[in-house]
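The values are calculated or read from the model by the stated rules, or taken from the named source; none is laboratory data. Worth saying up front: this structure is predicted, and the values here are computed from it rather than measured. In this analysis, Cβ positions are derived from the backbone assuming ideal geometry, glycine residues included, and neighbour counts consider all displayed protein chains.
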Number of protein chains: 2
Amino acid sequence: MLSLTEENYLKSIFVLNLEKSEGASTNAIAEKLNTKASSVSDMLKRLLKKEMIHYKKYQAVKLTDSGKAVAVSILRKHRLWEHFLVEKLHFKWDEVHDVAEQLEHIRSKKLTDQLDAFLGHPKFDPHGDPIPDKEGNFPVKMRQTLDQAIEGQEVLIVGVKDHSSEFFNYLERLEIELGTKLKVKTINQFDASMEIEINQNETTTISSEVAQNLFVK
Amino acid sequence: MLSLTEENYLKSIFVLNLEKSEGASTNAIAEKLNTKASSVSDMLKRLLKKEMIHYKKYQAVKLTDSGKAVAVSILRKHRLWEHFLVEKLHFKWDEVHDVAEQLEHIRSKKLTDQLDAFLGHPKFDPHGDPIPDKEGNFPVKMRQTLDQAIEGQEVLIVGVKDHSSEFFNYLERLEIELGTKLKVKTINQFDASMEIEINQNETTTISSEVAQNLFVK
DNA sequence: CATTATATTTAGGCTACCCTAAAAATATAT
DNA sequence: ATATATTTTTAGGGTAGCCTAAATATAATG
């Protein structure tokens, strides 16, 4: 049985590995968990003993199969709860994360699976991220970001990359949410900023950084 | 901010005080939390420093107003979650407790209040225990138990005193649940056991101990 | 009231995490 | 390749909670 803290380490390592497949560095883990590198070194020893990670001193960390299973189960719970919070309890995009970080550690297979059924086995969480199923399968496919669109193209918002509340607030002001239809009017050659039309309605200009953080279809 | 462990201590002290108003003893707390008296002594010092309890060495413990507020909020969350588990996720009586013990520690006022609203502001949990409202008010009224009924009386099950899974399984076999109608046919003078008719249907004999653990109206 | 039994606290020690500062390994730059 | 910078690990220490064993208070009994 793993502690809450150990679960969080595994989750961080898993997420870092999705980004860079060569493994997670001590410093990167420390940053993600708001802790110090020395604490991470400490923990890595413990996780190694529990056979949750592959680890050699001074080298990047990878998860074992058991470690991966734990991480995915946490991710599944996190995203199911986010779905619950938004769909059933009317939470807003930027309010769900902190609560889901707590709920993801509740230990009860029955709870997770019943919740999944109660929600109608959703495939994506409110940010458009895929929800692993009971067996831990989920699509990790690369998704297209808005900055890859061309002038005149019409797209649908299917997810966000950045999860900061600053970004969520910005999107809310623009009335952009999952399912919103966008049309790229013009792309500024100088800084790659875009003039976009939102829901066949208002037209605004967004920076390329914003465009890079919106998944579209 | 209190730790999960501290919250559990406060909850235990609160529950013990409901039973005996003179305060909770070190040993009683230890037993309730499956820990040792010495650990309790330890913790009492910490809770005293945080002004959560009234405590003098070798004397019973009582909660301060802040301590009481914390305990009631935990109780509120516990019972709301039990309601959720039974009503929405189809958990059975004896399956809810362990999960609710985890969920009761989730920190989010918004979550608790939205859950309350989502459930329709229920007044009682699935065992018939009252759910404190936002302000922490809830009835602590003495409830009548089945053993106080007289021959020929018809009653409605409104709650259970014992919360063990053995008792829940027993009740399930008898098809007794909240709202079940009972009729007391005869009371055996010797051991106070009762012959009862369940839901205008089967007739069974139950011991006086069972009768003492059923709240009726 | 003295004695014995029980309840509670203290003393000392353990583990899981966390930290800072110093040492060691690795990576980068001249 | 040597010097410097960065990353990672170790050493040593702190706190929250837990434990056992011993000491002390309180309660019960003859």
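At a glance:
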{"item": "Of the criteria (1) at pLDDT 95 or above; (2) within 14 Å of another protein chain (Cβ to nearest Cβ), which one A:I53 fails", "result": "(2)"}
{"item": "Residue count, the stretch B:128-157 (criterion: surrounded by fewer than 17 Cβ atoms within 10 Å (Cβ to Cβ) and aliphatic (A, V, I, L, M))", "result": "4"}
{"item": "Some residue of the stretch A:71-93 being more than 13 Å from DNA strand D (Cβ to nearest atom), aromatic (F, W, Y), within 30 Å of B:K110 (Cβ to Cβ) and not in a helix (DSSP H, G or I)", "result": "yes"}
{"item": "Residues within the stretch A:8-19 that are within 16 Å of DNA strand D (Cβ to nearest atom) and either at pLDDT below 95 or at positive phi (or both), tallied", "result": "1"}
{"item": "Sole residue being modelled with pLDDT under 90 and in contact with a His (Cβ under 7 Å, 6 or more places away or on another chain), chosen from B:G179, B:G159", "result": "B:G159"}
{"item": "Selection from the stretch B:1-30 of residues that are outside any helix (DSSP H, G or I) and of a type in the set (A, V, I, L, M, F, W, C)", "result": "B:M1, B:L2, B:A24"}
{"item": "Single match in B:S66, B:S21 (criterion: within 15 Å of B:L2 (Cβ to Cβ), away from DNA strand C (no atom under 12 Å from the Cβ) and surrounded by fewer than 17 Cβ atoms within 10 Å (Cβ to Cβ))", "result": "B:S66"}
{"item": "B:K134 closer than 23 Å to A:V86 by Cα and within 14 Å of another protein chain (Cβ to nearest Cβ)", "result": "no"}
{"item": "Of the criteria (1) within 14 Å of DNA strand D (Cβ to nearest atom); (2) in contact with a helix residue (DSSP H, G or I) (Cβ under 8 Å, 6 or more places away or on another chain); (3) closer than 30 Å to B:L171 by Cα, which one B:M52 fails", "result": "(3)"}
{"item": "Residue within the stretch A:44-52 that is in contact (Cβ under 8 Å) with a residue 24 or more places away in the chain, near DNA strand C (Cβ under 9 Å from one of its atoms) and surrounded by 20 or more Cβ atoms within 10 Å (Cβ to Cβ) present", "result": "yes"}
{"item": "Condition check for B:H90: touching a strand residue (DSSP E or B) at 6+ places or on another chain (Cβ under 7 Å), surrounded by fewer than 17 Cβ atoms within 10 Å (Cβ to Cβ) and not acidic (D, E)", "result": "no"}
{"item": "Subset of the stretch A:99-119 [loosely packed, with under 15 Cβ neighbours inside 10 Å and either at positive phi or touching a helix residue (DSSP H, G or I) at 6+ places or on another chain (Cβ under 6 Å) (or both)]", "result": "none"}
{"item": "Single unsatisfied condition, A:T5 versus (1) within 13 Å of DNA strand D (Cβ to nearest atom); (2) in contact with a His (Cβ under 8 Å, 6 or more places away or on another chain); (3) within 14 Å of chain B (Cβ to nearest Cβ)", "result": "(2)"}
{"item": "Filtered residues of the stretch A:24-43 (kept if crowded, with 16+ Cβ neighbours inside 10 Å and of a type in the set (K, R))", "result": "A:K32"}
{"item": "Candidates B:N213, B:N169 - the one that is among the polar types (S, T, N, Q) and exposed (fewer than 14 other Cβ atoms within 10 Å of the Cβ)", "result": "B:N169"}
{"item": "Output for the stretch A:111-131, where each listed residue is within 7 Å of another protein chain (Cβ to nearest Cβ) and of a type outside the set (A, V, I, L, M, F, W, C)", "result": "A:Q114"}
{"item": "So A:E22, is it in contact with a helix residue (DSSP H, G or I) (Cβ under 9 Å, 6 or more places away or on another chain), within 25 Å of A:K141 (Cα to Cα) and more than 8 Å from DNA strand D (Cβ to nearest atom)", "result": "no"}
